[in-house]
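Quick notes on the structure that follows.
The values are calculated or read from the model by the stated rules, or taken from the named source; none is laboratory data. None of the values given here were measured: they were computed from a predicted structure. Here the Cβ positions follow ideal geometry from the backbone for every residue, glycine too, while neighbour counts run over all protein chains shown. Heavy atoms of the whole protein, side chains included, go into the accessibility calculation; ligands, DNA and RNA do not. Shrake-Rupley method; radii C 1.70, N 1.55, O 1.52, S 1.80 Å.
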Amino acid sequence: MNEDAFWALIDELSGRPGTRDERLEWLEGELLRHPAEESVAFQVRLEKACGAADTHAVWRAANRIEGGTCTDDGFHYFTLWLVGQGRKAYEAVLADPDALADLPDVRALAGRHHDEWDDDEWPEWEELDYVAQDVYDELTGQEDDDGEEFLDAVEEAEEAEAGEEEREEDEERGASGPGGSTLPRLAALFPLVPSGS
């Protein structure tokens with residue numbers, strides 16, 4: 001699965017109607033139509049996309065949206081959610097994290113305390129990280145190995161293209177873009193609330 005094929009699946013996923021669970025069922029069905037190696041390749045692409053989004057500037061934006069409550073695990077789930085928004089939104093946010101303010105799913109959260117957000121609204125999507133493994137296990141009959149064979153296959157695939165990935169990631173990090181100290185649009189949508197208020 002090349003990068004374009006990965007993003008074609010993600011773009012279809014992001015535009016589908018229904019709950020997140022229903023959309024993940026669709027993705028699982030699509031991956032089940034291919035050999036198990038495609039699930040491994042999907043996971044490699046997913047991890048690479050999340051890794052590219054793992055920057056201080058994007059974390060600051062996520063933390064702003066979540067009212068200062070974004071944990072390390074929560075930020076990983078945020079990057080999964082960001083990938084799940086589709087390629088155009090993902091690339092816009094990597095270029096300028098303040099572009100999160102343009103996403104309808106983010107704007108819908110503005111003015112509401114995060115305790116009021118529904119699970120399907122929360123800008124984190126942990127479950128997206130498990131689809132490829134579930135498919136791989138089903139296709140290979142490895143449901144009883146706690147995902148070890150899948151994780152080994154992902155690690156092997158990552159090592160096979162490690163040199164190329166490292167060069168690309170270095171280039172992406174070198175082009176930091178306008179991720180500076182302010183997030184004016186997000187700050188307008190999610191003003192800081194003094195502690196104790």
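Taking trypsin sites (Lys or Arg not before Pro) as candidate sites, keep only those in a DSSP loop with at most 13 other Cβ atoms within 10 Å, then name the longest stretch of the chain containing none of them. If you can, show how the numbers build up before the last one.
Values: sites that count: Arg33, Arg112.
Longest site-free region, per DSSP loop and neighbour criteria: 113-197.
For segment 32-92, which whole-number percentage of the solvent-accessible area (1.4 Å probe, protein heavy atoms only) is attributable to carbon and sulfur atoms? Could you put the intermediate results ahead of the total?
Details: 1230 of 2450 Å².
On segment 32-92, the fraction of accessible area on carbon and sulfur atoms equals 50 percent.
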Accessible solvent surface per residue of the chain, calculated while the other protein chains remain in place, 1.4 angstrom probe, Å²: 54 Å²
Rounded accessible area of His34 (nearest 10 Å², 1.4 Å probe): 80 Å²
Descending semi-axes in whole angstrom, ellipsoid equivalent of segment 45-95, from the Cα gyration tensor: 17, 11, 9
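Add -39500 (n - 2.57) for each DSSP H run of 4 or more in the chain, then divide by its residues: what number comes out at 222 nm, to the nearest 500 deg cm²/dmol?
Details: 11 runs with 121 residues, N = 197.
For the chain, the value works out to -18500 deg cm²/dmol.
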The chain: most fluctuating residue of Pro184, Pro104, Pro123 per GNM, C-alpha cutoff 10 Å: Pro104
Cα convex hull of segment 1-145, projected area averaged across orientations, nm²: 8.8 nm²
